[in-house]
Amino acid sequence: MKRTARAGAALALTLLVLAVPSTAQAHGAGSVSHNYTTKTPYSPQERLRDYQPVPRGFVPVFTENVARHGSRAMSDSDDGDALLAVLQRAQAEGGLTGLGSALVPQVRTLLDAGASVGYGNLSGLGAREQRETAQRMQARLPRLFADIAAQRRPIEVQTSGVTRAVDSANAFTGGLTSAAPALTGLVQAPVTNKDVLYFHKQPQNADYRAYVDGDPDLAAVLARIDGQPRTAQVARHVVSRLFTPRFAAGLPADEQISFARSLFELYCSAPDLSVEAPRVDLDPFLPAGDAAWLAYLDDAEEFYQSGPAFAGRDITYKMAGVLLDDLFAQVEAKADGTSGKGAVLRFTHAEEIEPLAVLLQLPGSTKQAPLNQPYTYHNNPWRGATVAPMAANIQWDLYAKGDAYLVRMLYNERETAFPPSCHPIAKGSYFYRLNELERCFHR
């Protein structure tokens with residue numbers, strides 16, 4: 001995603017994952033997060049056996065999702081090239097420590113892995129994340145997919161049109177048809193829908209682009225966060241372990257900070273390329289405390305650019321209304337009999353998932369920051385690793401009993417409540433009447 005600096009409070013980030021082994025083992029499911037922020041590989045957050053039973057008499061008639069693309073290669077080689085330039089200069093001057101010398105081949109291997117799949121493209125892990133998510137969807141809704149197959153109902157697939165989103169869609173539908181071969185032939189070819197699934201880059205949201213590119217409050221808060229003394233302290237510590245004292249002393253502070261940030265970017269990308277570069281391990285080169293601070297800086301930028309951002313302003317998330325409208329339109333069309341679709345599958349990006357999470361008031365996604373109180377890990381629960389990890393997904397399942405319809409929402413495969421203003425069918429239930437959701441969302 002985007003890259004900038006941030007500052008605030010150096011708290012280690014913990015992400016508890018309840019995982020299916022084959023995907024999760026690639027990045028240590030169930031262990032403490034390594035501060036990968038929005039590049040955190042995907043893990044499902046609830047097991048099938050723990051879901052609430054469907055209310056008696058209701059049967060699934062439709063499902064839809066919106067999913068971020070899976071794990072991917074870094075966007076380009078810039079960070080790796082920048083690291084190698086400094087490392088090679090130090091090597092020529094005898095300025096590398098043993099640890100610094102060991103970093104050089106790790107960076108080269110990771111760059112080769114990124115180039116092998118294409119910078120920015122879906123990685124092997126990303127494809128597996130999508131396949132396995134689809135297989136679990138089918139396991140949760142076997143009757144629905146059996147009915148879709150029996151009634152020859154189409155499964156619509158939409159993407160942002162970006163290669164990694166298209167490849168994610170193909171991996172997902174491949175997983176779905178491998179789990180239920182009778183669906184073969186019913187999955188439609190992916191169609192591009194930029195207005196709904198790439199809205200942050202569209203002309204109708206020029207006001208948002210102007211905010212990201214030049215809002216003075218945004219620039220000021222990120223500069224304030226980035227400029228905290230802890231940023232330079234972390235950079236000095238990172239550099240001191242990789243370079244001799246003499247060489248490190250010759251690196252200006254801004255170059256040390258740039259080096260540390262580039263190393264953090266690769267550190268976050270390494271687990272996403274674990275299939276292509278299984279032996280790369282950047283943990284020894286970036287201590288956990290330093291990684292936690294750099295993760296905070298990364299999360300702060302995401303928070304202000306695509307999350308809830310400033311109190312009293314909706315510039316970062318109001319544009320996701322088009323995606324929320326489409327979620328409603330699809331279940332409403334199914335309920336009123338004007339749609340023959342069995343499912344609608346959408347594949348997009350973190351810049352769409354994060355603002356949608358605000359509109360849906362998903363856990364940890366909504367608290368804004370007052371202008372004079374910048375976002376920190378101490379004062380706000382927002383974390384990129386939980387709001388929009390790789391392959392993050394939101395799913396709505398529609399159930400029918402006669403002319404009554406219920407909706408259940410899953411967020412990263414965990415049953416999740418709608419906003420408090422929406423009333424479930426019973427206290428503690430995750431099932432909501434469709435007309436109740438229409439009421440509380442003012443449809």
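For the stretch 183-208, the candidate set comprises residues that are surrounded by 14 or more Cβ atoms within 10 Å (Cβ to Cβ) and of a type in the set (Val, Ile, Thr); within that set, the residue that is farthest from Leu327 (Cα to Cα) is Val187.
Among the residues making up the stretch 155-174, those that are within 14 Å of Ala350 (Cα to Cα) and in a helix (DSSP H, G or I) are Arg164, Ala165, Ser168. Screening the stretch 109-125 for residues that are assigned to a helix (DSSP H, G or I) and out of contact with any helix residue (DSSP H, G or I) (no Cβ under 7 Å at 6 or more places or on another chain) and picking the one that is nearest to Arg241 (Cα to Cα) gives Thr109.
Do we find that Glu354 is charged (D, E, K, R) and under 24 Å from Val191 (Cβ atoms) in this structure? Judged against the criteria, Glu354 is a match. Taking each residue of the stretch 62-85 that is under 17 Å from Leu273 (Cβ atoms) and looking for partners that are of a type in the set (Phe, Trp, Tyr) and open to solvent by 30 Å² or more (accessible area, probe 1.4 Å) with beta-carbon atoms closer than 8 Å, six or more apart or interchain, yields Ala73/Tyr119; Met74/Tyr119; Ser75/Tyr119; Asp76/Tyr119; Ser77/Tyr119.
So which of Ser101, Ser77 ends up being over 30 Å from Asp325 (Cα atoms) and either modelled with pLDDT under 95 or open to solvent by less than 50 Å² (accessible area, probe 1.4 Å) (or both)? Exactly one residue qualifies, and that residue is Ser77. Only one entry of Ala189, Ala171, Ala182, Ala210 meets the criterion of being touching a Gly at 6+ places or on another chain (Cβ under 9 Å) and among the small types (Gly, Ala, Ser), and that entry is Ala171. Comparison of Thr366, Thr338, Thr348, Thr386 shows that the only residue that is touching a residue at least 40 places away in the same chain (Cβ under 8 Å) and more than 14 Å from the chain's Cα centre (by Cα) is Thr366. So is Gly94 in a loop (DSSP other than H, G, I, E, B), closer than 21 Å to Arg72 by Cβ and either β-branched (Val, Ile, Thr) or open to solvent by 30 Å² or more (accessible area, probe 1.4 Å) (or both) or not? Criteria not met by Gly94.
For the stretch 350-375, residues that are open to solvent by less than 10 Å² (accessible area, probe 1.4 Å), of a type outside the set (Val, Ile, Thr) and not in a loop (DSSP other than H, G, I, E, B) total 7.
Anything in the stretch 291-349 that is under 20 Å from Arg261 (Cα atoms) and open to solvent by 30 Å² or more (accessible area, probe 1.4 Å)? List them, or say none. Across the stretch 291-349, there are no qualifying residues. Reported count of residues in the stretch 243-290, each being in contact (Cβ under 8 Å) with a residue 40 or more places away in the chain, within 21 Å of Arg108 (Cα to Cα) and small (Gly, Ala, Ser), is 6.
Selection over the stretch 396-413 of residues that are out of contact with any Phe, Trp or Tyr (no Cβ under 8 Å at 6 or more places or on another chain) and under 17 Å from Glu354 (Cβ atoms) gives a count of 1.
Within the stretch 158-182, the set of residues being hydroxyl-bearing (Ser, Thr, Tyr) and crowded, with 22+ Cβ neighbours inside 10 Å comprises Thr159, Ser160, Ser168, Thr173. Applying the criterion of being open to solvent by 10 Å² or more (accessible area, probe 1.4 Å) and among the small types (Gly, Ala, Ser) to the residues of the stretch 250-269, the residue that is farthest from Thr40 (Cα to Cα) is Gly250.
What do you reckon, is Asp213 of a type outside the set (Phe, Trp, Tyr), closer than 30 Å to Asp325 by Cβ and loosely packed, with under 15 Cβ neighbours inside 10 Å? So Asp213 fits the description; yes. When we screen Ala357, Ala343, Ala311, Ala333 for residues that are touching a Pro at 6+ places or on another chain (Cβ under 7 Å) and over 24 Å from Glu265 (Cα atoms), the only hit is Ala311.
The values are calculated or read from the model by the stated rules, or taken from the named source; none is laboratory data. Source: prediction; values computed, not measured. Cβ: placed from backbone, ideal geometry, glycine included. Neighbour counts: every protein chain shown. These area figures cover heavy atoms from the full protein model, side chains too; ligands, DNA and RNA do not enter into them. Shrake-Rupley method; radii C 1.70, N 1.55, O 1.52, S 1.80 Å.
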